[in-house]
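**Student:** This is the structure I have questions about; it appears just below.
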Amino acid sequence: MLPGVHDGPLARTYDVVIVGAGIQGVGLAYELAKRGVRRIAVLDRSWPGNGASGRNGEMIRSAFSSPEWINLFHHSLRRWHRLSAELDFNVLFSPDGYVVLASTEQQWSNLQRDARTQAAHGLRTELLDAAAMRELLPAANPELVRGGILQRDAGFAHHDAVVWAYLRAAARLGVEVHAGVEVTGVRVSGGRVTGVTTAKGEVSAPIVVNAAGGGALAINAMAGVKLPMVQSRLELLVTEPMRPFLRTAVAPLELLGYCHQTKRGEFVGGTELPYTDQSASLNGTYRLLRDMAAKWVRLFPVLSGARLLRHWAGTVTQYKDLAPVIGEMPGLSGYVVTIGWVYGFMGAPAAAELLAEAIVTGRVSPVLAPFSPQRVLEGRVIAETSLVVASEAA
């Protein structure tokens, strides 16, 4: 039994119901309980962490190009450094550094611009030219190394450990997490939510939070909410343990990829296609497996012949700019979303803390405000150019 998973019946009423027991949902539940909210239920149709929270690349940085992304994800990075101590459980956060790698002159020019923006917002990042980057990444194909940005205090953590830690911490504060409970409807009356309907009966609550990851659009539809977003699939692989050749996390812009090597020696990495793979399927595809294998061997020839341990897929919801959508839905009081997360693992500690504060106090942090649902309703985008997933934003 996972820690904190409640095996008793659902109560008839709660103060907050959160749909989805991934890192966004259980993290938010913990932060709400920490602020004194006592009756919280987190409902998941499968089990905690079964969605994208247990299927991601585990990488963490705040070295982005836009002020909006920098501010949110740097708040999160600071939280990552304290998270194990706060939750009293080792989330296996390794601040071994994170490299955004340029392979072309245009990418290198963009990173030089990004570094100036990062410095203006208080980030300590370093621009490394081709020679310095080849020294940092000796296993990399020099033809793909033009330079890059190194963020030394960034890195990666273990996704399962993080979900487990939040579950334990939330349980200590009285949060109920119910696994195997599917939400079949969101109850609405007079312009506000009144609760949810589940396979185990109706539950009343003045606040319902959609943190359902890849299933978030279905929950929105139950509430009568329409946002121009899609469900998409991302895929990753992990190899057998190998001799250490990569200390930092790496995001090569040219390959639309992201990777790191674990302390046990496994290489973990994913690559993306230059378009959105709109799918609800959790089945891995041969096309992406071949794409990942070819790209990673091209960047790190040492991987040639490495045996594959696992290849898996996860689904997310996304807006065209790939930025998350967080906050109360205009026109539907009490209905709160934290969805659209393509970089949700790294951003979860900040989003959970800031959204909990907004729910409890009614005040939205200026760090969180740019990601409100209102921007999606108005068709506005946040232009972020250092992503390694295809974006439609200008």
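The values are calculated or read from the model by the stated rules, or taken from the named source; none is laboratory data. Being a predicted model, the structure only gives us computed values, none of them experimental. Counting neighbours? That spans all protein chains shown, and the Cβs are built from the backbone with ideal geometry, glycine included. Please note that ligands, DNA and RNA were not included when accessible areas were found on the heavy atoms of the full protein model with its side chains. Shrake-Rupley method; radii C 1.70, N 1.55, O 1.52, S 1.80 Å.
**Student:** Over segment 1-121, average the accessible area per residue using a 1.4 Å probe and give it in Å², no decimals. Intermediate values should be presented prior to the final figure.
**Tutor:** Details: 4620 Å² over 121 residues.
Ligands and nucleic acids excluded, the figure is 38 Å² per residue.
**Student:** Right, next: Can you give me the long-range amide H partners of residue 18? Hydrogens built in the peptide plane at 1.01 Å from N, cutoff under 5 Å, separation of 5 or more residues or another chain.
**Tutor:** So residue 18 has HN proximity to 41, 42, 43, 209.
**Student:** Let me ask another. With a 1.4 Å probe and all protein chains kept in place, how much accessible area does residue 309 have, in Å² rounded to the nearest 10?
**Tutor:** Roughly 100 Å² of residue 309 is accessible to a 1.4 Å probe.
**Student:** Also, quick follow-up: Helix 67-87 against the longest principal axis of the chain: what's the angle in degrees, Cα atoms only, rounded to the nearest 10?
**Tutor:** Value to nearest ten degrees: 80.
**Student:** How tilted is helix 159-172 with respect to the longest principal axis of the chain? Cα atoms for both, answer in degrees (0 to 90, nearest 10).
**Tutor:** Around 30 degrees separate the two axes.
**Student:** Follow-up. Sorted by accessible area with a 1.4 angstrom probe, largest first, how do 375, 264, 290 fall? Don't skip to the answer; put the middle values down first.
**Tutor:** Details: 375 0, 264 170, 290 140 Å².
The residues order as 264, 290, 375, largest area first.
**Student:** How much solvent-accessible surface does residue 178 expose, in Å² to the nearest 10, with a 1.4 Å probe and all protein chains in place?
**Tutor:** Ignoring ligands and nucleic acids, residue 178 comes out at about 10 Å².
**Student:** Hey, in the GNM for the chain with a 10 angstrom Cα cutoff, which one of 260, 159, 311 fluctuates hardest?
**Tutor:** Maximum fluctuation in the GNM of the chain, among the listed residues, is at 311.
**Student:** State in Å² the accessible area per residue of segment 190-325; use a 1.4 Å probe, count heavy atoms of protein chains only, and round to the nearest integer.
**Tutor:** 43 Å²
**Student:** With +1 assigned to the C-beta of every Lys and Arg and -1 to the C-beta of every Asp and Glu, and no other charges, what is the dipole magnitude of the chain about the Cα centre in debye, to the nearest 20? Mind dumping the intermediate values first?
**Tutor:** On the way: 38 positive and 34 negative charges, 80 e Å.
Value, rounded to 20: 380 debye.
**Student:** What residue among 236, 194, 262 has its Cα farthest toward the positive end of the dipole of segment 194-263, where the charges are +1 on Lys, Arg and -1 on Asp, Glu, each on the Cβ?
**Tutor:** 262
**Student:** Keeping all protein chains in place and using 1.4 angstrom, which order do 177, 230 fall into by accessible surface area, from largest down? Kindly include the intermediate steps, with their values, before the conclusion.
**Tutor:** Numbers: 177 5, 230 45 Å².
Ranking 177, 230 by accessible area, largest first, yields 230, 177.
**Student:** If we restrict to alpha carbons, what Rg and Dmax does the chain come to, in Å?
**Tutor:** So, for the chain, Rg and Dmax equal 20.5, 63 Å respectively.
**Student:** Taking only Cα atoms, what is the 0 to 90° angle, nearest 10, from helix 23-34's long axis to the longest principal axis of the chain?
**Tutor:** Tilt of helix 23-34: around 50 degrees.
**Student:** So between residue 275 and residue 104, what do we pick up on full extension, going 0.36 nm a residue minus the alpha carbon distance? Before the final figure, lay out the partial values.
**Tutor:** Values: separation 171, 0.36 × 171 = 61.56 nm, distance 2.05 nm.
Additional length available on full extension: 59.5 nm.
**Student:** Taking all protein chains as present, what is the carbon and sulfur share of the accessible area of segment 206-358, in % to the nearest whole number, probe 1.4 Å?
**Tutor:** On the way: 3080 of 5680 Å².
Taking all protein chains in place, segment 206-358 shows 54 percent carbon and sulfur surface.
**Student:** When the helices in the chain are scored as -39500 (n - 2.57) per DSSP H run of 4 or longer and the sum is shared across all residues, what 222 nm value do you end up with, to the nearest 500 deg cm²/dmol? Display every interim value, and only then the final one.
**Tutor:** Details: 9 runs with 114 residues, N = 394.
Using -39500 (n - 2.57) per qualifying helix, the result is -9000 deg cm²/dmol.
**Student:** I'd like the carbon and sulfur percentage of the solvent accessible area for segment 1-99, probe radius 1.4 Å, heavy atoms only, ligands and nucleic acids excluded. If you can, show how the numbers build up before the last one.
**Tutor:** On the way: 1790 of 3560 Å².
In segment 1-99, the share of accessible area belonging to carbon and sulfur is 50 percent.
**Student:** A follow-up question, please. With a 10 Å cut-off between alpha carbons and a GNM built on the chain, which of 71, 283, 50 moves the most?
**Tutor:** With Cα springs under 10 Å in the chain, the top fluctuation among 71, 283, 50 is at 283.
**Student:** Moving on to the next point. Take the chain, connect every pair of alpha-carbon atoms lying under 10 Å apart with a spring to form a Gaussian network, then pick out the residue of 23, 359, 40 with the largest mean-square fluctuation.
**Tutor:** The residue that fluctuates most here is 359.
**Student:** Less than 17 Å from a label point 7 Å out along the Cα-to-Cβ axis of residue 240: which backbone N atoms in segment 256-285 qualify, by residue?
**Tutor:** Those under the cut-off are 262, 264-268.
**Student:** Quick one: putting +1 on the C-beta of Lys and Arg, -1 on the C-beta of Asp and Glu, what dipole do you get for segment 250-394 around its Cα centre, in Debye to the nearest 20?
**Tutor:** On the way: 12 positive and 12 negative charges, 118 e Å.
About 560 debye.
**Student:** Enter the Cα centre distance for the pair segment 101-159 and segment 31-65, rounded to the nearest angstrom.
**Tutor:** 29 Å
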